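Please read the structure below before turning to the comments.
Rule-based calculations on the coordinates, nothing more; no lab input. Because the structure is a prediction, the values reported are computed rather than measured. All Cβ positions, glycine included, derive from the backbone under ideal geometry; neighbour counts span all protein chains shown.
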Amino acid sequence: MQGTTDRERIQDEALARATRNKSWANYPAIFEGFTAKGIPEGEIEPRVNVFTFHAWKALGRYVRRGEHGVKVTTWIKIDEKRDERTGEVVRESGRRPKTAVVFHVSQTEPLANGA
């Protein structure tokens with residue numbers, strides 16, 4: 001992605017992770033959280049109209065000031081790390097949990113002229 005800024009790279013990676021992930025593990029929290037905010041269940045479509053802050057930016061939208069999203073847990077891949085001098089494994093490969101916040105499209109607005 002030559003010519004993109006770090007911010008754009010982060011946004012593009014967030015969108016890619018959101019759209020390629022196939023887990024349904026967070027669906028109950030997403031539906032419960034957004035229906036509690038008054039959004040009808042039929043209007044909640046994870047990976048279609050529910051994304052993280054950075055994924056929305058990659059889609060040309062921003063989350064309105066003051067909006068509160070729904071917390072979900074994602075699993076981030078970690079690679080094995082070895083000590084450069086000894087070759088000993090310092091950290092095993094695997095996955096670690098990370099919390100993220102997702103927002104519904106109704107909490108967003110289109111970005112003005114690529115801002």
Net charge near ALA112 (other residues with Cβ under 15 Å of its Cβ; Lys, Arg +1; Asp, Glu -1) is +3
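Could you compute the longest span of the chain free of trypsin sites (Lys or Arg not before Pro) located in DSSP loops and having at most 11 other Cβ atoms within 10 Å, not counting the site residues? Each step should come with its number before you reach the end.
Details: sites that count: LYS22, ARG64, ARG65, ARG85.
Counting only loop sites that pass the neighbour cut-off, the longest clear stretch is 23-63.
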Distance in nm between LEU111 and THR73 label points, each 7 Å along Cα→Cβ, equals 3.2
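Under the definition of Cα pairs under 8 Å and six or more residues apart, what whole-number percent is the relative contact order of the chain? Intermediate values should be presented prior to the final figure.
Values: 149 pairs, mean separation 31.6, N = 115.
Value for the chain: 27 percent.
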Can you list the residues, at least 5 places off or on another chain, whose amide H is less than 5 Å from the amide H of THR52, using H built in the peptide plane? PHE103
Among VAL72, VAL101, VAL48, whose mean-square fluctuation peaks in a Gaussian network model of the chain (Cα, cutoff 10 Å)? VAL48
Looking only at lysines whose Cα falls under 24 Å of LYS81's and that sit 8 or more positions away or on another chain, we get LYS98
Expressed in Å to one decimal, the Kirkwood Rh of the chain from all distinct alpha-carbon pairs is 15.9
Region 41-54 - phi-based ³J(HN,Hα) in whole Hz, Karplus 6.51/-1.76/1.60, Gly and Pro as x: 3, x, 9, 9, 10, x, 6, 10, 9, 9, 9, 6, 3, 5
Quick one: what are the phi-derived ³J(HN,Hα) couplings along region 75-91, Karplus 6.51/-1.76/1.60 with θ = phi - 60°, whole Hz, x for glycine and proline? 10, 9, 6, 10, 8, 4, 10, 10, 5, 5, 7, 9, x, 6, 5, 9, 9
Using θ = phi - 60° and Karplus 6.51 cos²θ - 1.76 cosθ + 1.60, couplings along region 27-33 (whole Hz; Gly, Pro as x): 4, x, 5, 5, 5, 5, x
